[in-house]
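One structure is given below, encoded as structure tokens.
The values are calculated or read from the model by the stated rules, or taken from the named source; none is laboratory data. Keep in mind it's a predicted model, so treat the numbers as computed, not measured. All Cβ positions, even for glycine, are placed from backbone atoms using ideal geometry, and neighbour counts span all protein chains on display. In case anyone asks, the SASA skips ligands and DNA or RNA and just uses the protein heavy atoms, side chains included. Shrake-Rupley method; radii C 1.70, N 1.55, O 1.52, S 1.80 Å.
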Amino acid sequence: MTRVLSGIQPTGDIHLGNYLGALRQWTSDQHAHDSFYCAVDLHAVTVQQDPKQLRSKTLETMATLIAIGLDPNICTLFVQSQVHQHTELSWLLECTVSYGELKRMTQFKDKATKQGDSGQEHISAGLFTYPALMAADILLYDANRVPVGDDQRQHLELTRNIAERFNSRYGNIFTIPEAAIPAVAARVMDLQSPNVKMSKSLNSPQGTVGLFDEPSTIGKKFKRAVTDSDNDVRYDWAKKPGVSNLLSILGATTGKDPEILADDYHQYGPLKNDAADAVITAISPIQVKRAELLGDKAELNRIISVGAEKARQVAAKTVAKAKEAMGFL
Ligand code: TYM
């Protein structure tokens, strides 16, 4: 059976990009494959977090994962830091990945530049070695399929290289994973700056559609979405990124091909309205369900600890195999 693993950082608010690029695939994958999903709080602390906020965001993220339709009786849902094998394997992998490989990661370069630009001189070593921890997340569970958005492609490629190098040095320990990137909405762009991806860290409140925004706020954000000055609706990322982004969001939420959808529109207004309505329809039930789950924290914590126990059982076996192969007593 195919094994699936994916993760999301419990920072900021989960947005439409996370949902369409990754989370939606998780819900369908859980029925077809043996699936593991986690809130990656150890990744979150590669930049400084307020402890109180981190704790509440982690709980909210877990509630969101259940609210989108992940069933803890079908898949394994857990919080990364509660499974200590992630940090243990991460160290072993850090000792096999090279400085040069990590230095080439565009996400590190982007995040380090962003921090520098905002006047923060302190760039943690953890931000640099982040991809080794991500490789550990995946390899611990023998995952062959990793549903992610397009921005994680390079990290997945590095994970494969790390696993292949480890296997050639120490024997066949790790499964070589593959990224599962959706055909539509793999990179949802910011509504105000359609040349950059929608992101928790972009600080573009008008361009980012939060999964828990009020319907009226979502309507306004779509209405004000940046398009261009002609009124020609075409699916053409190079020339019409704003319009293509709207078509891609509408396509992903309605299950239609964005290119074919373009023929139905001759003005931007109706396209913006329909995209907003489709998004609101898709996410309203998630909003209701998450509020319910957060109303019973004891039950949520129970689900989280059962998930951690299930994850530990699998992860412990992989770490034991890797340590044995490397020659630890
Ligand atoms: P994170 O928390 O930034 O994002 C979670 C998932 O959402 C996807 N995503 C997007 N997809 C489409 N359009 C966007 N604008 C957009 N923004 C984000 C991401 O690709 C991701 O799939 N490093 C990872 C978390 C991670 C992980 C892992 C993922 C840690 N360990 C192991 C898979 C397997 C991250 O920061 O995702």
Legend entry - Residue that is most open to solvent (accessible area, probe 1.4 Å), among those in the range 109-126 that are within 17 Å of L202 (Cβ to Cβ) and either modelled with pLDDT of 95 or more or within 12 Å of the ligand (Cβ to nearest atom) (or both): D110
Legend entry - Among residues of the range 1-47, those that are free of Cβ contacts under 8 Å to residues at least 40 places away in the same chain and within 22 Å of W91 (Cβ to Cβ), counted: 1
Legend entry - Conditions (1) touching a residue at least 60 places away in the same chain (Cβ under 8 Å); (2) out of contact with any Asp or Glu (no Cβ under 7 Å at 6 or more places or on another chain); (3) near the ligand (Cβ under 10 Å from one of its atoms): number failed by I66: (3)
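Looking at the range 224-237, which of its residues are in contact with a helix residue (DSSP H, G or I) (Cβ under 9 Å, 6 or more places away or on another chain) and surrounded by fewer than 23 Cβ atoms within 10 Å (Cβ to Cβ)?
At the first step, the residues of the range 224-237 found to be in contact with a helix residue (DSSP H, G or I) (Cβ under 9 Å, 6 or more places away or on another chain) are 224-228, 231-237.
Within the range 224-237, R224, V226, T227, D228, N231, D232, V233, R234, Y235, D236, W237 qualify.
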Inset, instruction - Would you check if L42 is open to solvent by 10 Å² or more (accessible area, probe 1.4 Å), among the aliphatic types (A, V, I, L, M) and either within 12 Å of the ligand (Cβ to nearest atom) or not assigned by TED's automatic domain parsing to the domain that holds A143 (or both)? - result: yes
Legend entry - Positions within the range 96-127 being touching a His at 6+ places or on another chain (Cβ under 9 Å) and among the polar types (S, T, N, Q), in sequence order: Q107, Q115
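Kindly indicate which of L156, L191, L139 is surrounded by 19 or more Cβ atoms within 10 Å (Cβ to Cβ), within 13 Å of the ligand (Cβ to nearest atom) and farther than 30 Å from K239 by Cα. Reasoning before the result, please.
On the way: L156 fails: farther than 30 Å from K239 by Cα; L191 fails: farther than 30 Å from K239 by Cα.
That would be L139, the only listed residue that is surrounded by 19 or more Cβ atoms within 10 Å (Cβ to Cβ), within 13 Å of the ligand (Cβ to nearest atom) and farther than 30 Å from K239 by Cα.
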Inset, instruction - Quickly run through the range 161-187 and pick out the residues that are over 26 Å from H31 (Cβ atoms) and surrounded by fewer than 19 Cβ atoms within 10 Å (Cβ to Cβ). - result: N161, E164, R165, N167, S168, R169, Y170, G171, N172, I173
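For the range 29-60, which residues satisfy the criterion of being in a loop (DSSP other than H, G, I, E, B), among the polar types (S, T, N, Q) and under 28 Å from P182 (Cα atoms)? Reasoning before the result, please.
Of the residues in the range 29-60, the ones in a loop (DSSP other than H, G, I, E, B) are 33, 40, 45-50.
Still in the running and among the polar types (S, T, N, Q): 46, 48-49.
Hit for the range 29-60 is T46, nothing else.
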Inset, instruction - Just need a number here: residues in the range 240-267 that are of a type in the set (K, R) and either modelled with pLDDT under 95 or over 15 Å from P194 (Cβ atoms) (or both). - result: 1
Inset, instruction - Would you mind telling me which numbered condition in (1) within 30 Å of I173 (Cα to Cα); (2) surrounded by 12 or more Cβ atoms within 10 Å (Cβ to Cβ); (3) among the small types (G, A, S) A252 fails? - result: (1)
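Could you look through the range 1-13, keep only residues that are hydrophobic (A, V, I, L, M, F, W, C) and either at pLDDT below 95 or near the ligand (Cβ under 8 Å from one of its atoms) (or both), and pick out the one that is farthest from A183 (Cα to Cα)?
M1
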Inset, instruction - Considering every residue within the range 99-106, establish whether at least one is closer than 25 Å to I181 by Cβ, in contact with a Gly (Cβ under 6 Å, 6 or more places away or on another chain) and within 14 Å of the ligand (Cβ to nearest atom). - result: no
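What is the residue count in the range 207-220 for residues that are in a loop (DSSP other than H, G, I, E, B) and under 15 Å from V188 (Cβ atoms)?
Restricting attention to the range 207-220, the residues satisfying the condition of being in a loop (DSSP other than H, G, I, E, B) are 207-209, 211-214.
Okay, now just the ones that are also under 15 Å from V188 (Cβ atoms), so 207-209, 211, 213.
Within the range 207-220, residues that are in a loop (DSSP other than H, G, I, E, B) and under 15 Å from V188 (Cβ atoms) number 5.
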Inset, instruction - State yes or no: is V314 assigned by TED's automatic domain parsing to the domain that holds F78, touching an Asp or Glu at 6+ places or on another chain (Cβ under 6 Å) and not hydroxyl-bearing (S, T, Y)? - result: no
